[in-house]
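Contents: one structure, followed by commentary.
The values are calculated or read from the model by the stated rules, or taken from the named source; none is laboratory data. Predicted model only: the values in this text are computed from it and were never measured. Every residue, glycine as well, gets a Cβ built from its backbone with ideal geometry; the counts of neighbours run over all protein chains shown. SASA here: full protein model, heavy atoms, side chains in, ligands and nucleic acids out. Shrake-Rupley method; radii C 1.70, N 1.55, O 1.52, S 1.80 Å.
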Amino acid sequence: MSPDRFISFVRLSILACLAWVLGLQAGVGATAPRGPLQFNRDIRPILAENCFACHGPDKNKRKAGLRLDFREEATARLESGEQAVVPGNPARSHLL
């Protein structure tokens, strides 16, 4: 598999995983609005449950050089020059 194909595969896998996770979470608490979206309350638990095993604090298990448990790491430029998360700009966020 070529490096470009592998990177595309990784991106597609992350996107599919996030779509699945967010789809599952959409029904949870949908009847009880909780105010504005907050990272630590609303997003971090989803990442902790579904993403941190491969993209968290354990550098030996981390995949694709992507760490999501710290904002600075999640928004940093990757070796490829891309950013997984671009705050305020989902269109430029390669994670999405």
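Report, by residue number, each residue of the range 80-96 that is part of a loop (DSSP other than H, G, I, E, B), open to solvent by 30 Å² or more (accessible area, probe 1.4 Å) and free of Cβ contacts under 8 Å to residues at least 60 places away in the same chain.
Of all residues in the range 80-96, those part of a loop (DSSP other than H, G, I, E, B) come to 80-82, 84-89, 93-96.
Right, trim to open to solvent by 30 Å² or more (accessible area, probe 1.4 Å) and you get 80-82, 85, 87-89, 94, 96.
Within the range 80-96, Gly81, Glu82, Val85, Pro87, Gly88, Asn89 meet the criteria.
Return the residue satisfying two criteria in turn: it lies in the range 1-38 and is exposed (fewer than 11 other Cβ atoms within 10 Å of the Cβ) and under 18 Å from Pro90 (Cα atoms), and of such residues it is modelled with the highest pLDDT. Only one residue fits best here, namely Pro36. The set of residues in the range 55-79 that are open to solvent by less than 40 Å² (accessible area, probe 1.4 Å), at pLDDT below 90 and more than 23 Å from Asp4 (Cα to Cα) contains only Asp69. Among the residues of the range 45-69, those that are within 11 Å of the chain's Cα centre (by Cα), in a loop (DSSP other than H, G, I, E, B) and of a type in the set (A, V, I, L, M, F, W, C) comprise Cys51, Leu66, Leu68.
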